[in-house]
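The structure appears right after this line, and notes come after that.
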Amino acid sequence: MPKIIKERRVQDDAWKVVTLAAGETAASVRLPVGPLLVPLAVWRARRAELIAREYEHGEPLGVWLAPDEGPETLLDDLDDFTVVAVHFPKFADGRGYSTARLLRERYGYRSELRAFGDVGRDQIFYLNRVGFDSFMVGTGRDATDALAAFGEFPEVYQGAVDQPLPLFRRRA
Amino acid sequence: MYRYDDYDRAIVTARVAQFRDQTRRFLAGTLPADEFRPLRLQNGLYVEKNGPMLRIAVPYGVLSAQQLRKLAAVTRRYDRGVGHFTTRHNLQLNWVKIEEVPDILAELAEVDMHAIQTSGNDIRNIVTDHFAGVADDELADTRPWAELLRQWSTLHPEFAYLPKKFKIGITAAREDRAAIRVNDVGLELRQDANGATGFRVFVGGGLGRTPLVGQAIRDFLPWPHLVTYLEAVLRVYNRYGRRDNTTKARIKILVKSLGAVEFARQVEEEWSHLKDGPATLTQAEVDRVAAHFAPPAYENLPAEDLCYVGFLREDAAFARWAARSVHAHKVPGYAAVTLSLKGLRAAPGDATAEQLEAAADIAEHFSFNEVRVSHEQNLVLPHVPLRELYTVWHLAKAVRLASPVTGLVGDIIACPGGDFCELANARSLNVVAELQERFENLHLQHEIGELDINISGCMNACGHHHIGHIGILGVDKHGAEFYQVALGGRQGHGLAFGEVVGPAFAADEVGDAVERIVGVYLEHRLGHERFIDTFDRIGLAPFRSAAYQQTEQEKIYA
Ligand code: SF4
């Protein structure tokens, strides 16, 4: 089973990420059984069907956002999701960091917020700060090694999701 | 000066440990080079032509004598004993070894220094006026604000992977000595009718391939909102700045495509959610930081010093130096003094370990332990009593820090260019050497008067060529080094970019061209007109025709 980092431990993970292969459309892509993280386009195209899966089969709902898909697109449905994931095709594309803060700080999203794609040890400290609480590290990256990231800094200057108060409001 | 407390120290020390581990993994082969690259850049480590280059942060250009000594020691121990000050008042070491960089950072941390965010697509070192706190034309000292922003931007979790680098400049003086309107964000400190402090906010300035002047998006931002407003600007940029084309990724392109009005609207909308949140600055914090920049224990001195006046009269060489290097100070009996890093046959901004140590000694004895770095790539002693100027001059002269050329032809601003930089189209230091030689005669330099020459080895404009009175840009023509010359650029509140005179010059023509351009000025100037005034009066045409004269003739005879 694939592994993720959650609650600062490496855990098994049952979620499958649905992607649209060439030639597939949101309307036609096959949705396998089990918990799914669907692309935003699939969520939009097949919202009723996905909600029915949850109601009738107890399959939890998950969606994932590409870097250019802001959280504004999900506002009406945020409470429905068990997991919202943000994709980082390249770790140097930092749009997902703003997406996470907006979800947590502005839109009140409280369930699991997952970073996946090209992320690992050297991104997790910041990702955790902006509100991600689960991490699927990229292929070729070591999840156990990545756990060290949480303890990298004993203090931080800015307020963010993990610590809403900037240092200057806490300085002794 | 700002002194670290246990919090600041803990953060910088942790950054050293983090980078040490990243370097270890890179050297062990478990962190691939392309993944290490953005990480090392966020810590100022480049891999250049001659090998790795480390850019050390000098936040807002302020250094203590102790820090200067540490820089000297590091330069000697880990490099070849020479450092290079940049136009963003950082210090570059060109000959470091990757495996030793963590040790360098650990040594720097001992004196409250680091290399955090001196490169990479993040918020860079904040620049301000090198005379902040002492200038007689300033409204307030900008250093506390720069330090507040240093802390806010340091290891900011949301803005570490921006579309491109992000530069902030602050000024509070009548004369803008920080070139704020060529920064991504420029902050001009002002006061409203009730005397409350705030900032005019400019965005979208920058040099490089598409030089643009920053546009005001807010006329008065009350100081408590400084950080929340900047977070709004950065968030809009982080989300919507272009990431598909690195030459179009700076915020200026976003501002240009949306228009300043629409960009401002989006920022205001974002800000409406952040305003008055926890990042709102408090009086207590501003006071805490400002206390670090309290004026030193100045003596009560007469505004005029008779010994100084006497030396000026008797020693012509001293007077010539003083005319260029001694600057007004808000406290009577004191001056700010430029220690020139523009020696003959030396690259602009280069300082040897001996010079750094000598500057530290002079600062300790005569300038309350403090040195500044200017964006003109010189050092500045911010508080020297007038009566000590003659001694300071002698001490500076002994280590070649007293070229009397500040603001003159010899005070060339230049990037390291093709001798060091991977991105260069052409060398810049060869042009510096050529011009230094042609204008070696100090009488001639003083006769010519104020003239800013700026040289960049490529479009990236690290030598700020757009804002030189004479701006020289290295270009590549079929693999050969050529130089495009522009005239009439300037920094300060009258900020303007130069106009290109015409086709680029070959490396062996550019010296002649500059000399002819200066000749046109000397021929046409009225009274004490500066180069830039004459240019404004007579326009580009006479310079253009003169610049190519010889070359055309040569073609005829060829
Ligand atoms: S202007 Fe170009 S050549 Fe000069 S330092 Fe910058 S990138 Fe290198």
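Would you confirm whether any residue within the range B:469-481 is more than 8 Å from the ligand (Cβ to nearest atom) and farther than 28 Å from B:V47 by Cα?
yes
Let's see how each residue does on (1) farther than 29 Å from B:I170 by Cβ; (2) in contact (Cβ under 8 Å) with a residue 60 or more places away in the chain:
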site: B:I453; (1), (2): no, yes
site: B:I472; (1), (2): no, no
site: B:A506; (1), (2): yes, no
site: B:H524; (1), (2): yes, no
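Just wondering, is there one or more residues in the range B:533-545 that are part of a loop (DSSP other than H, G, I, E, B), in the same structural domain as B:I448 (by TED's automatic domain parsing) and either of a type outside the set (A, V, I, L, M, F, W, C) or within 29 Å of the chain's Cα centre (by Cα) (or both)?
Yes, the range B:533-545 contains a residue that is part of a loop (DSSP other than H, G, I, E, B), in the same structural domain as B:I448 (by TED's automatic domain parsing) and either of a type outside the set (A, V, I, L, M, F, W, C) or within 29 Å of the chain's Cα centre (by Cα) (or both).
What is the one condition in (1) more than 14 Å from every other protein chain (Cβ to nearest Cβ); (2) surrounded by 17 or more Cβ atoms within 10 Å (Cβ to Cβ); (3) part of a loop (DSSP other than H, G, I, E, B) that B:L301 does not satisfy?
(2)
Just to check your reading of the model, which residue among B:S325, B:S374 is in contact with a Pro (Cβ under 7 Å, 6 or more places away or on another chain) and away from the ligand (no atom under 16 Å from the Cβ)?
Of B:S325, B:S374, the one residue that is in contact with a Pro (Cβ under 7 Å, 6 or more places away or on another chain) and away from the ligand (no atom under 16 Å from the Cβ) is B:S325.
Each row is one residue, and each column tells you yes or no for (1) touching a helix residue (DSSP H, G or I) at 6+ places or on another chain (Cβ under 7 Å); (2) modelled with pLDDT of 95 or more; (3) more than 9 Å from the ligand (Cβ to nearest atom); (4) farther than 14 Å from B:R320 by Cβ.
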| position | (1), (2), (3), (4) |
| --- | --- |
| B:V399 | yes, yes, yes, yes |
| B:S403 | no, no, yes, no |
| B:D419 | yes, no, yes, yes |
| B:A426 | yes, yes, no, yes |
| B:E434 | yes, no, yes, yes |
| B:E440 | no, no, yes, yes |
| B:Q445 | no, no, yes, no |
| B:S456 | yes, yes, no, yes |
| B:N460 | no, no, no, yes |
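Collect the residues in the range B:486-531 that are among the β-branched types (V, I, T) and farther than 15 Å from B:Q549 by Cα, keeping them in residue-number order.
B:V500
Taking the stated definitions as given, is B:G494 surrounded by fewer than 24 Cβ atoms within 10 Å (Cβ to Cβ), more than 16 Å from the ligand (Cβ to nearest atom) and closer than 19 Å to B:E376 by Cα?
yes
Given (1) assigned to a strand (DSSP E or B); (2) within 14 Å of another protein chain (Cβ to nearest Cβ), where does A:Y157 come up short, assuming only one miss?
(1)
Which residue is farthest from the other protein chains (Cβ to nearest Cβ), if the candidates are limited to the range A:120-137 and must be under 17 Å from B:Y161 (Cβ atoms), touching a residue at least 40 places away in the same chain (Cβ under 8 Å) and in a loop (DSSP other than H, G, I, E, B)?
A:V137
What residue, among those in the range B:1-52 that are assigned to a helix (DSSP H, G or I) and acidic (D, E), is nearest to B:E422 (Cα to Cα)?
For the range B:1-52, the residue satisfying everything is B:D34.
Restricting attention to the range B:331-349, which residues are surrounded by 15 or more Cβ atoms within 10 Å (Cβ to Cβ) and in a loop (DSSP other than H, G, I, E, B)?
Scanning the range B:331-349 gives B:V331, B:G333, B:S340, B:L341, B:K342, B:G343, B:A346, B:A347, B:P348, B:G349.
For the range B:261-288, which positions are at the interface with chain A (Cβ under 10 Å from one of its Cβ atoms), closer than 28 Å to B:R143 by Cα and not aliphatic (A, V, I, L, M)?
B:E270, B:G277, B:P278, B:T280, B:T282, B:E285, B:R288
Starting from the range A:1-27, take each residue that is farther than 14 Å from A:D133 by Cα and list its partners that are of a type in the set (D, E), counting only C-beta distances under 6 angstrom and pairs at least six apart or across chains.
A:M1/A:D12; A:P2/A:D13
Give me the helices (runs of 4 or more DSSP H) completely within the range A:6-113, filtered to those with at least 1 residues that are within 14 Å of chain B (Cβ to nearest Cβ) and within 22 Å of B:A232 (Cβ to Cβ), ordered by residue number.
Fully inside the range A:6-113 and qualifying: A:95-101.
Of all the residues that make up the range A:63-80, how many are farther than 30 Å from B:R242 by Cβ and surrounded by 14 or more Cβ atoms within 10 Å (Cβ to Cβ)?
Going through the range A:63-80 one residue at a time, the tally reaches 1.
Evaluate the following for B:I98: is it touching a residue at least 40 places away in the same chain (Cβ under 8 Å) and within 30 Å of A:R171 (Cα to Cα)?
Considered against the rule, which asks whether it is touching a residue at least 40 places away in the same chain (Cβ under 8 Å) and within 30 Å of A:R171 (Cα to Cα), B:I98 comes out as no.
The values are calculated or read from the model by the stated rules, or taken from the named source; none is laboratory data. Owing to the predicted nature of the structure, the values given are computational and were not obtained by experimental measurement. Neighbour counts are summed over all protein chains in view; Cβ atoms, including those assigned to glycine, are modelled from backbone coordinates with ideal geometry.
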